[in-house]
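Here is the structure we will look at, set down as structure tokens.
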Amino acid sequence: MTTDIHLRPLEKDDLTFLHRLNNDPDIMTFWFEEPYRSLTHLQHEYDENLKEQLSRQFVIMHGEEKVGFVGLFDFDHLHRKAEFGIMIDTAYQGKGYAKAATKLAMSYAFYRMNVRKLFLIVDLYNEKAIHIYEKMGFKREAELEKEYFVNGEYHDVLTMRIFQDEYFTMNQ
């Protein structure tokens, strides 16, 4: 099912797709954000990102079908680190797209951007995502209690990371 998966840069025409993902409560719960983003706000963020170049944002494609979004955010040139984030359209979840897209984004981060450390923040409740991240080589770094307010309660989160040298060793 996950053959012919590729990433392509987010284009302005993709913002309606991203807008739909950003307003899906089942997706945004795991991003610790309210599912409330206007298309105008996304357009502004898109334009700002083109100027700043602190992130790389991609649409996850299966053939010609958009199945999700992946981003490498807040790239720090001095310390060579970036934050990883991914959204899979709910219609495509559970089909291996997250693992395939994570692998592609990691390769891009380490080989193209020369990132030294890739990190992420994940809800401890999101066991499926944690399982995927661990399979991809991410290691648990810290557990933060009651870090984000989601649906009326505070959630514990896990920070995870993988270093470039660990990634290269795994992929020799």
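The values are calculated or read from the model by the stated rules, or taken from the named source; none is laboratory data. Every value quoted in this text rests on a predicted model; they were computed, and no experiment measured them. Reconstructed Cβ throughout: ideal geometry from the backbone, glycine too, with neighbour counts over all protein chains shown. Heads up: the accessible areas ignore ligands, DNA and RNA and are worked out on the full protein's heavy atoms, side chains in. Shrake-Rupley method; radii C 1.70, N 1.55, O 1.52, S 1.80 Å.
Assessment of the stretch 128-146 against the conditions (in contact with a His (Cβ under 9 Å, 6 or more places away or on another chain) and either without any contact (Cβ under 8 Å) to a residue 60 or more places away in the chain or under 19 Å from Ser107 (Cα atoms) (or both)) yields at least one matching residue. For Leu10, the conditions (1) more than 24 Å from Met160 (Cα to Cα); (2) out of contact with any Leu (no Cβ under 9 Å at 6 or more places or on another chain); (3) buried (at least 18 other Cβ atoms within 10 Å of the Cβ); (4) among the aliphatic types (A, V, I, L, M) are fulfilled apart from (2). From the list Ile86, Ile162, Ile132, Ile121, the one residue that fits, being within 15 Å of the chain's Cα centre (by Cα), β-branched (Val, Ile, Thr), open to solvent by 20 Å² or more (accessible area, probe 1.4 Å) and farther than 17 Å from Val67 by Cβ, is Ile121.
Of the residues that make up the stretch 125-133, is at least one at pLDDT 95 or above and assigned to a strand (DSSP E or B)? Checked the stretch 125-133: no residue is at pLDDT 95 or above and assigned to a strand (DSSP E or B). Only one entry in Leu42, Leu104, Leu72, Leu54 is of a type in the set (A, V, I, L, M), open to solvent by 30 Å² or more (accessible area, probe 1.4 Å) and either touching a Ser or Thr at 6+ places or on another chain (Cβ under 7 Å) or in a helix (DSSP H, G or I) (or both), namely Leu104.
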